[in-house]
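The structure appears right after this line, and notes come after that.
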Amino acid sequence: MDTDTEFEIEDASTAGDDLDADGFPISGDESEPKPPPIEDPLDESSSFASDFYRCGSDWSRLIEKKESKSLVQRDLFQVWGIKKPAMAEESKARVSSSNQRDLFEVWGIEKPRVSVPARKRARKEDGNGSGFGRARSCPFYKKIPGTPFTVDAFRYGSVDGCSAYFLSHFHYDHYGGLSKKWSHGPIYCTPLTARLVKMCLGVNPLHICPLELDIEHDIEGIKVTMLEANHCPGAALIHFRLRDERTYLHTGDFRACNLMQSHPLLASQHINVLYLDTTYCNPRYRFPPKEDVVSFVVRITRDFIAKHSKALIVVGAYSIGKEQVYIAISHALGLPIYTNSSRRRILQSFGWPELSGKLCTCGDSSALHVLPLSSLRHENLLDYMKTYKQRFTAVLAFRPTGWTYSQNTGNQLDLIKPTCKGNITIYGVPYSEHSSFPELENFVKFLRPDKIIPTVNVGNAATRDKMQSYFREWLKAL
DNA sequence: GCGATCAGCT
DNA sequence: CACAGCTGATCGC
């Protein structure tokens, strides 16, 4: 009956390499890691509890969109969602220089071609394990041993032995490689992520297999359950139970929280191997709770609006994520949310009435705008404000990312100093959608897995050793 | 001309 | 540093 083939986890290219205890190559960071030995099956098991669990909005409604459209925006006005105005000469020159138009053009000479050999230097190995670069083969920590499954492994073409490709969430460094030409196998993900894969990437729906959260699905004889990851909309932890009762949890990207620990699959059942999002696995990262950051943002916004009657509030965001920041401002101050049509389609596709109902299609209709994080620079924001003529006279912008966290500030958000240039004020706020170090510690101490495989910051052997030493400490016998 | 990918950058 | 991309150059169709 058990006819499925054991997943091919050995790469011929690395068959001779020495590996450390965690399955990473000892010889350096350039070579391909070899898989760790497969864990022995343990016998602990218990019946599947059918309780549902949610932490956040109901992210499960289905809205089908026919068209496929790229997220890629070519010009700032498109990003801003406004018509390109006839620009004043000085403004034009400024935009031109900030776009790094080269000196050769200014000098009026032809730009010399970069030689091909110079461009073909050794590619930098990516440190976060996302595996960019076609020549690489799929790293072991994206393969689930004992199954024909991979997680977030779309940029390696057809992965040997893989008959089901899981996508944890819709961020580029995880879905990279997916396109309308995808034909290497079925893609399993949450329904919300499935809609984005179809709508934004144009992947053939025949390949997309949505899995409802908190339902145990049987895929090729393996029991698979998607759990809310508290990361971005549609993000899931993926729980695998093999026929021999071996149990693996792949966190994708996640922010561990107490509510997660009440999920029946985590509360009362053993996990053999934990594939862990170790983005901030360093004791210096101790973010405040997201709620505290949101309250802070709302308070700063209130104060700013009290001082500037014609204020424009800008929240920076990637494709998806950080929604709670601008939803909270919108709610607290009674402002609709303006963003360009591309992002609007994405936000609409979530199927959250409380968000969809607040979106407006014209920038003049609201003082609350959502822009790409990359465009939150003083010069950009000044230009942006000017395109609305006299509608706005000052800008307050927020960059909500864990990277802005500083140890000096710690949890005292009031110590955060914005950068100000003229009427443009930019706050970096430590709103993280990844676990902080204490949150990782708490989660691991709660789960007590037999083995932990980090999936981020694995490009450096010293960092890997450091992380494993934290894991050992956390898992010490009580 | 278009889509995909790559190096470089934040 | 790099959360998750963005940009311009290049390559293949």
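The values are calculated or read from the model by the stated rules, or taken from the named source; none is laboratory data. Keep in mind that this is a model prediction, so the values were computed, not measured. Note that we place each Cβ from the backbone using ideal geometry, even for glycine, and neighbour counts take in every protein chain shown.
Side notes on the structure shown:
- Meets criteria (more than 19 Å from A:Phe304 (Cβ to Cβ) and either surrounded by fewer than 18 Cβ atoms within 10 Å (Cβ to Cβ) or not assigned by the TED database to the domain that holds A:Leu312 (or both)) for A:Pro418: no
- Output for the stretch A:281-304, where each listed residue is among the hydrophobic types (A, V, I, L, M, F, W, C), touching a helix residue (DSSP H, G or I) at 6+ places or on another chain (Cβ under 7 Å) and more than 11 Å from A:Val429 (Cα to Cα): A:Cys281, A:Val298
- Residues within the stretch A:195-251 that are in a strand (DSSP E or B), under 24 Å from A:Gln269 (Cβ atoms) and among the hydrophobic types (A, V, I, L, M, F, W, C), tallied: 11
- So A:His217, is it touching a Ser or Thr at 6+ places or on another chain (Cβ under 6 Å) and either at pLDDT 95 or above or within 14 Å of DNA strand B (Cβ to nearest atom) (or both): no
- Residue list for the stretch A:258-282, filter: more than 21 Å from the chain's Cα centre (by Cα) and outside any strand (DSSP E or B): A:Gln261, A:Ser262, A:His263, A:Pro264, A:Leu265, A:Leu266, A:Ala267, A:Ser268, A:Gln269, A:His270, A:Ile271, A:Asn272
- Residue match in the stretch A:224-242 (condition: of a type in the set (S, T, N, Q), under 21 Å from A:Phe149 (Cβ atoms) and without any contact (Cβ under 8 Å) to a residue 60 or more places away in the chain): yes
- Any hit, the stretch A:227-236, residues being surrounded by fewer than 17 Cβ atoms within 10 Å (Cβ to Cβ), acidic (Asp, Glu) and more than 16 Å from DNA strand B (Cβ to nearest atom): no
- Complete set of residues in the stretch A:388-410 that are within 16 Å of DNA strand C (Cβ to nearest atom) and among the aromatic types (Phe, Trp, Tyr): A:Phe398, A:Trp403, A:Tyr405
- Scanning the stretch A:245-296 for residues that are closer than 30 Å to A:Pro148 by Cβ and either within 12 Å of DNA strand C (Cβ to nearest atom) or of a type outside the set (Phe, Trp, Tyr) (or both) yields a total of 29.
- Residue selected from the stretch A:156-179 under the condition under 20 Å from the mean Cα position of the chain (by Cα), under 17 Å from A:Asn204 (Cα atoms) and part of a loop (DSSP other than H, G, I, E, B), by the criterion nearest to DNA strand B (Cβ to nearest atom): A:Ser179
- Residue within the stretch A:302-311 that is touching a Lys or Arg at 6+ places or on another chain (Cβ under 8 Å) and under 25 Å from A:Thr393 (Cβ atoms) present: yes
- Among all residues of the stretch A:432-452, there is none that is within 16 Å of DNA strand B (Cβ to nearest atom) and surrounded by 21 or more Cβ atoms within 10 Å (Cβ to Cβ).
- Residue count for the stretch A:186-197, restricted to those that are within 16 Å of DNA strand B (Cβ to nearest atom) and either in the same structural domain as A:Arg343 (by the TED database) or over 18 Å from the mean Cα position of the chain (by Cα) (or both): 0.
- One residue from A:Leu347, A:Leu376, A:Leu371 being within 16 Å of DNA strand B (Cβ to nearest atom), surrounded by 15 or more Cβ atoms within 10 Å (Cβ to Cβ) and within 27 Å of A:Ala194 (Cα to Cα): A:Leu371
- Selection within the stretch A:423-435: residues that are over 15 Å from the mean Cα position of the chain (by Cα) and not aromatic (Phe, Trp, Tyr). The member of this set that is nearest to A:Lys290 (Cα to Cα) is A:Pro430.
- Among (1) among the basic types (Lys, Arg); (2) touching a residue at least 60 places away in the same chain (Cβ under 8 Å); (3) in contact with a Leu (Cβ under 8 Å, 6 or more places away or on another chain), the one test that A:Arg302 misses: (2)
- Scanning the stretch A:317-335 for residues that are over 20 Å from A:Phe254 (Cα atoms) and not β-branched (Val, Ile, Thr) turns up A:Tyr326, A:Ala328, A:Ser330, A:His331, A:Ala332, A:Leu333, A:Gly334, A:Leu335.
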